[in-house]
Amino acid sequence: MKKKVYAIACAVLAIDMKHSAEKLGLDIEYKFLEAGLHNTPKLLKEKLQAAIDDISANGLCDHIIIGYGICGKGTIGVHSRSVPLVIPKVHDCVALFLGGDQAYKNEFKKFPGTYYLSAGWCEEKTEPMSQRNQWAYFGDKKLKFNDLVEKHGKDAAQQTFDFLNSWQKNYQRAAFIETGAKTSPRYEKFAQEMAREYNWEYHKIKGGQALIEKMIAADHSTSEILFVPPEHVIGFDAIQSTLSANPILDHDIKTNNTDSRKEKKKKKIHIDSYIKIGLGIDAGGTYTDAVIYDLEKKKPFCKAKSLTTKWDFTIGIKKALKKLDQEKLRKIELISLSTTLATNAIVENEGQKVGMILMPPYGLGIDKHIPHHPKSVIKGQLDITGRQLLAIDPDEVRQQASQMVENHGVTAFAVSGYAGSINPEHEIQVKEIIHKQTGCFVTCGHELSDTLNFQTRAITAMLNARIVPRLAGLLLDLENVMATLGIHAPIVVVKGDGTLMSSTMAKQRPVETILSGPAASVAGAKHLTGIKDALVVDMGGTTTDTAALTNGLVTLNEQGSNVGGHRTHVNALEIRTAGLGGDSLIAFEKGEFFIGPKRVAPISWLGQMVPGTKEALQFLNQTQQDLIPLMNWLKKPMFSLTTACPFDGLKKILSFSGADSL
């Protein structure tokens, strides 16, 4: 039996999708979901996933067209199951009606506060304007004005309606998009009535169906369309501000409770057949573990462990790999890395010095609640719609950046502006100026998150900028080791939500690997034990991480991960992290014991690994009085541990104790 093409889409696209399919001669089975689900992204994701699961289960589907864009991140995290998905790389349906995101951006620049309408929108959403003053929505409930008058009086009813309709103040224009799918004077008339009712301007815009046609005819990824293979999850690349497809290696572990429990009864789907042998590496603060895994039979071939060598990760990685079956190692087709490096750096308050540049909303003083130093508030303001209120001052940006480098030793910057996720133009301008002025790495808030919490977005950008060298160093060392072994398999990194990202992206956005190691531990615990209801406790050298498995699932923290007291916009499993591990420093100060979050390692390790350690320790003991000028000398910017120390053992002691990060 020939397989069919299915489409799951917002009802506002019904007219245009059917018109385009008829024009192209395509036979498509449709399932339209009610309009407005982008306002409740979690519900959108639930309904979209349920529809995909139902279609996937019948075994008669060639692929599924997803008639949504990012839509408030309601499509992020959706799984393709056993059939491919096709989804446009747009923010929402307005871009589809206009022909693409660039056309949408052009309109946004001309008139940010615009309420867009189309024939499909009007047919699905509207009621006569004469009735609009008689009702209003409160969440999903439709309140009638007369009912409120009867229960609470006319004044209370009017105040309630004024509040519920206050959204109108965010718009100054109604625009009707003429796509050519279906014309009727009543559609355009409705948009004109809306403009008059709310005292907005009115424009008619020429749209089109070119992108909708590409969407329904696509069979591979392009610059405008994303093709999501089976057993992949839809992700979001915030740097490019577009959708991505990420493979799921252990799809039995789900990252939220929206997945239907009926899934248990369905046929188990194996990972894509082209990946047969994988190499898993877990780089922790104490140990580096490696395992070669049979992805078809779901069992390990061999495994090995070695000490993590932070001063040169290649040493620990090589030692672990050397213990593996070398013939199997040469056959690996995918390398997956999980690591606690980012988590540990944040918990231990380590990393490079970051200067924070902020553009907060006028008069609210939000920046005062961001506990970071150094930070600077500069000119440059947007309103909630992304419309510019005050331009940035390039000279001010250059001055503040230079002062932070000179006075505070800043080597990286975090830039965050109010409404930057809606209109990132200010953040991008500031980033370009800082990089040109200082040459330092810069992370912008909009690159990591499209949510509206300015304060959390700033903290997330700061943490990312702080730990970039740590993860980048690990990945570069891993790539070098693999290259010396003649292995050129792609490298992916486990994110905190259990999905995977490319090593290239991980170098730019290491903050997304927060809780990478614990997420992998949860998956491993479930796989090895088969237990579906359990408390998974992972104690490492630096932290202890705890997660709850309920019916085989771990929930996704919708608010963003919280590590080291920092709330972030990083998607991660619901995992509790404490700065207490097997190697935590126990200190006794002023009559009190303190445990962690710093970690230490026994000097006996060093003695076993490095010849000359005994002599180096004797040298340190004999020259304690001379050590202070020595350490001051070590702090000089040009100091290099690889050339300046008198003993090889002394070099390792200084590296081991953290002197390489002075």
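For this structure, a couple of remarks:
- One residue stands out in segment 23-41 among those that are assigned to a helix (DSSP H, G or I) and hydrophobic (A, V, I, L, M, F, W, C): the one that is surrounded by the most Cβ atoms within 10 Å (Cβ to Cβ), namely LEU37.
- For segment 52-61, the criterion of being crowded, with 20+ Cβ neighbours inside 10 Å, within 22 Å of SER244 (Cβ to Cβ), touching a strand residue (DSSP E or B) at 6+ places or on another chain (Cβ under 8 Å) and at pLDDT 90 or above is met by at least one residue.
- Of all residues in segment 434-466 being small (Gly, Ala, Ser) and not in a helix (DSSP H, G or I), the one that is nearest to GLN352 (Cα to Cα): GLY439
- The set of residues from segment 391-444 being of a type in the set (Ser, Thr, Tyr) and out of contact with any Pro (no Cβ under 8 Å at 6 or more places or on another chain) comprises SER402, THR411, SER416, SER421, THR438, THR443.
- Residues that are in a strand (DSSP E or B) and of a type outside the set (Val, Ile, Thr) were ranked within segment 168-181; the one that is farthest from GLY386 (Cα to Cα) is GLU178.
- Residues of segment 281-304 satisfying the condition of being part of a strand (DSSP E or B) and polar (S, T, N, Q): THR288
Results for (1) in a helix (DSSP H, G or I); (2) of a type in the set (D, E, K, R); (3) touching a helix residue (DSSP H, G or I) at 6+ places or on another chain (Cβ under 9 Å), shown as yes or no for each residue.
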position: GLY386; (1), (2), (3): no, no, yes
position: GLU396; (1), (2), (3): yes, yes, no
position: ILE422; (1), (2), (3): no, no, yes
position: GLU432; (1), (2), (3): yes, yes, no
position: VAL468; (1), (2), (3): yes, no, yes
position: ILE487; (1), (2), (3): no, no, yes
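- In segment 420-468, the residue that is nearest to the chain's Cα centre (by Cα) out of those that are among the acidic types (Asp, Glu) and crowded, with 24+ Cβ neighbours inside 10 Å is GLU447.
- Neighbours by Cβ (under 9 Å, 6+ apart or cross-chain): first from segment 495-517, free of Cβ contacts under 8 Å to residues at least 24 places away in the same chain; second in a loop (DSSP other than H, G, I, E, B) and of a type outside the set (Lys, Arg): SER502/PRO490
- Only listed residue being acidic (Asp, Glu) and modelled with pLDDT under 80, chosen from GLU479, GLU432, GLU447, GLU427: GLU447
- Here THR504 meets each of (1) closer than 28 Å to ARG599 by Cα; (2) in a helix (DSSP H, G or I) with one exception, condition (1).
- Residue match in segment 126-133 (condition: modelled with pLDDT of 60 or more and more than 35 Å from the chain's Cα centre (by Cα)): no
For every residue, the table says whether it meets (1) assigned by TED's automatic domain parsing to the domain that holds PRO229; (2) buried (at least 20 other Cβ atoms within 10 Å of the Cβ); (3) under 26 Å from GLN388 (Cα atoms); (4) touching a Pro at 6+ places or on another chain (Cβ under 9 Å).
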site: GLY69; (1), (2), (3), (4): yes, yes, yes, yes
site: GLY77; (1), (2), (3), (4): yes, yes, no, no
site: SER80; (1), (2), (3), (4): yes, yes, no, yes
site: VAL83; (1), (2), (3), (4): yes, yes, no, yes
site: PRO88; (1), (2), (3), (4): yes, yes, no, no
site: GLN102; (1), (2), (3), (4): no, no, yes, no
site: ASN106; (1), (2), (3), (4): no, no, yes, no
site: PHE111; (1), (2), (3), (4): no, no, yes, no
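- Verdict on VAL492 being among the β-branched types (Val, Ile, Thr) and within 22 Å of SER376 (Cβ to Cβ): no
- For ALA191, the conditions (1) modelled with pLDDT of 80 or more; (2) in contact with an Asp or Glu (Cβ under 9 Å, 6 or more places away or on another chain); (3) within 20 Å of LYS110 (Cβ to Cβ); (4) not basic (Lys, Arg) all hold with the exception of (2).
- Within segment 306-324, tally of residues that are surrounded by fewer than 18 Cβ atoms within 10 Å (Cβ to Cβ), closer than 16 Å to ILE487 by Cβ and either at pLDDT below 85 or under 29 Å from the mean Cα position of the chain (by Cα) (or both): 1
- Index of the failed condition, SER20 passing every other in (1) surrounded by 18 or more Cβ atoms within 10 Å (Cβ to Cβ); (2) hydroxyl-bearing (Ser, Thr, Tyr); (3) without any contact (Cβ under 8 Å) to a residue 60 or more places away in the chain: (3)
- Filter result (assigned to a strand (DSSP E or B) and over 17 Å from GLU224 (Cα atoms)) within segment 63-91: HIS63, HIS79
- If the condition is being exposed (fewer than 15 other Cβ atoms within 10 Å of the Cβ), touching a residue at least 12 places away in the same chain (Cβ under 8 Å) and either farther than 18 Å from ALA547 by Cβ or β-branched (Val, Ile, Thr) (or both), then segment 518-536 contributes only ILE531.
- Residues of segment 48-82 that are under 18 Å from LEU37 (Cβ atoms) and of a type in the set (A, V, I, L, M): LEU48, ALA50, ALA51, ILE52, ILE55, ILE64, ILE65, ILE66, ILE70, ILE76, VAL78.
- Number of positions in segment 1-25 that are farther than 23 Å from GLU178 by Cα, more than 32 Å from the chain's Cα centre (by Cα) and of a type in the set (A, V, I, L, M, F, W, C): 1
- Selection count, segment 176-204, where residues are surrounded by 18 or more Cβ atoms within 10 Å (Cβ to Cβ) and within 29 Å of ILE66 (Cα to Cα): 7
- Residue pairs whose Cβ atoms lie under 7 Å apart, separated by 6 or more positions or on different chains, with the first residue in segment 344-370 and not assigned by TED's automatic domain parsing to the domain that holds GLY417 and the second crowded, with 23+ Cβ neighbours inside 10 Å and at pLDDT below 70, are ILE346/VAL563; VAL347/VAL563.
- ALA414 vs. criteria crowded, with 16+ Cβ neighbours inside 10 Å and touching a residue at least 60 places away in the same chain (Cβ under 8 Å): yes
The values are calculated or read from the model by the stated rules, or taken from the named source; none is laboratory data. Just so we're clear, the structure is a prediction, and the values are computed from it rather than from any experiment. A quick note on method: Cβ atoms are made from the backbone with ideal geometry, for glycine too, and the neighbour counts reach across all protein chains shown.
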